[in-house]
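Peer 1: I am attaching a structure below and will ask some questions about it afterwards.
No value in this document is a laboratory result; all are computed from the given coordinates. Predicted model only: the values in this text are computed from it and were never measured. As a convention, Cβ positions derive from the backbone with ideal geometry for all residues, glycine included, and neighbour counts pool all protein chains shown.
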Amino acid sequence: MLVFELLLLITATLYITLSRAIHTKLEKKYVLGLLVFFLFAHFVFDGYRWQMIPSYIIWLFAIITAIRQPRKTSSMVITVAKGAGTALLFATAYVLPSLFPVFELPKTTGPFAVGTSDILLKTNRNEEITSNDTDKRRFMIKAWYPSNETEGEHDLYIDRAGRNGFAKKYGLPPAMLQYLDNVDTRVYKNAIVADETFPVLIFSHGYHSKANGYYALLSEVASQGYVIFAINHTYESTGTTFPDGTEVYFDNEYARKIEANTWETINPVVEAFQEGLNYEERHPIVQKALITYFAKDIIERWAQDIIDVVDELEEWSQAGIFKGRLDITNVAVFGHSRGGGAAGESLLIDSRIKAGANLDGIQWGQIVNTRFQQPFLFLSSDWPDDHENLNQHAYRNKSASVFYEGTLLQSGHSNFMDIPFMIPLQALNLAGDIEPDLAFEISNKLLVSFFDKYLKNKRSNISRLVSDYEQLEMSISVGDSLNLSSLKLK
């Protein structure tokens, strides 16, 4: 809870609980003045949010009590009923703001402050998702970049369409997310890019998610000296706000259409794992699913979005806010969940990309029949033993360069997002038992070490990270055209 939220609730609670004793020491006008002051200070410094409604009710009861100062003793039944109702109200008032808190994002540790800027990219590709044959693919990009500015307008945590889309996804009223205005992103909107040249990273979010849901991840990596272009995949993210104010949301109708009757593709895979087939017996079954399941088409479409961004880098490096700031000879990709698969797919089809990383995404598509030619990092959450590990088969041939395969122990799929900070209740946030700050610290250090090695030619400390963190397991496979050698750390 914010400072004046907590003071408002504590003051009202103490007054209702100890009203008789308080009035022996203080006059009514002082009590009323104190209660009104904390409410006023709360609205001025913290602002209204719906999670505080039970607290406002308690404050109202406190005001009524202060004005009336009832002296009659109620019957036992009424007293018990009042006590039970009051206890429930107090519990709700204290718990609700904690379930949906004005949370604090981790502070960045790099030498740079971080700026952001929104970019609209229009392409000549036909839009596959809409029914209008004349529609062309367009999408928004949020650029995250190093800056030396530490003052200015802070970037809003998740734009309007992103919030509304998130609310639609979970059946919530959009107004329930207004409290996110109070989250300090520590990121400066349209700040000046630091006067250096930086390697470029392109980021792809998870399915029905949004790049703005990865503030902790992207801010930290950018602070270490990288320009990141985070794509918001139109119609398959929670929502997009275009510069003209148009809002576009996840297309549920299209999703139902492409997912229809696809169970018959994936069911043999599930059965192969459930029936205990060994790796070689189930490989052809998984192989077929990896190249025919509908998710393959999504990551191919998103990979093309990534390549469209790569196509723009030279122009962006010659004009605009990134003039002279982009090292377009050192470009890499990364993503989470289905966006991680898209990152891997783009690495297979565009030789301009020097390295890639997949955070807990299944690598649908052609990789099962080929291998990467560039360095690749796959970091998985700690899936249960009965989870169908499709990437065992997708990454069968790993890389002709070097392939890092890690597991973040005790983590869940959402530990790479802001969700564990935004919704701290584990039963709701799909995170693991690992502390959110620790999961964030490990995954970010690993990513930065990986990109530092292959884009900045720095010495890698990946092996040291495995030694430093017992929650990180890693195997490293080095391949060439003739053989593949592996080293397992821990």
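Peer 1: Sort 151-164, 214-227, 439-452 for me by packing, meaning the mean count of neighbouring Cβ atoms within 10 Å per residue, highest on top. Walk me through the intermediate numbers first.
Peer 2: Values: 151-164: 19.1, 214-227: 24.9, 439-452: 22.4.
Highest to lowest by the protection proxy: 214-227, 439-452, 151-164.
Peer 1: Which of the aspartates and glutamates could a cross-linker bridge to residue 168, judged by Cα under 17 Å and excluding same-chain residues fewer than eight apart?
Peer 2: 159, 236, 247, 251, 253
Peer 1: Straight-line reach only, C-alpha to C-alpha below 28 angstrom: list the lysines that residue 488 could link to, leaving out same-chain residues fewer than 8 apart.
Peer 2: Result set, ordered by chain and number: 354, 398, 445, 453, 456, 458.
Peer 1: Using the Kirkwood formula on the Cα atoms of segment 170-229, what hydrodynamic radius do you get, in angstrom to one decimal?
Peer 2: 13.9
Peer 1: A follow-up question, please. What is the local net charge at residue 323, summed over the other residues whose Cβ is closer than 12 Å to its Cβ (Lys, Arg +1; Asp, Glu -1)?
Peer 2: Summing Lys and Arg as +1 and Asp and Glu as -1 gives -2.
Peer 1: OK, next. Just to confirm my numbers, what's the Cα centroid distance between segment 266-282 and segment 178-244 in Å?
Peer 2: Here the answer is 39 Å between Cα centres.
Peer 1: Right, next: Charges at C-beta only: +1 for Lys and Arg, -1 for Asp and Glu. How large is the resulting dipole of segment 161-311 about its Cα centre, in Debye rounded to 20?
Peer 2: Roughly 400 debye for segment 161-311.
Peer 1: If you don't mind, there's one more thing I want to ask. With semi-axes √(5λ) of the Cα gyration tensor in Å defined as stated, name the option among [x] 35, 25, 21; [y] 47, 26, 23; [z] 59, 32, 20 computed from the structure displayed.
Peer 2: Label [y] holds the value from this structure.
Peer 1: Which far-off residues, 5 or more places away or on another chain, put their amide H under 5 Å from the one on residue 202, with H placed in the peptide plane?
Peer 2: Hits under the 5 Å cutoff: 229, 332, 333, 334.
Peer 1: What helices does the chain have that are whole DSSP H segments, at least 27 Å long along their own axis by Cα, and with mean Kyte-Doolittle hydropathy of 0.0 or more?
Peer 2: Within the chain the helices that satisfy the rule are 76-99, 436-455.
Peer 1: Just to be sure I understand: of the beta bridges DSSP finds with both ends in the chain, what percent are antiparallel, rounded to 5?
Peer 2: The antiparallel proportion sits near 50 percent.
Peer 1: Give the distance, in whole Å, between the Cα centre of segment 319-368 and the Cα centre of segment 438-458.
Peer 2: 15
Peer 1: Where does the chain land at 222 nm, in deg cm²/dmol rounded to the nearest 500, when only DSSP H runs of n ≥ 4 count, each adding -39500 (n - 2.57), divided by all residues?
Peer 2: -13000 deg cm²/dmol
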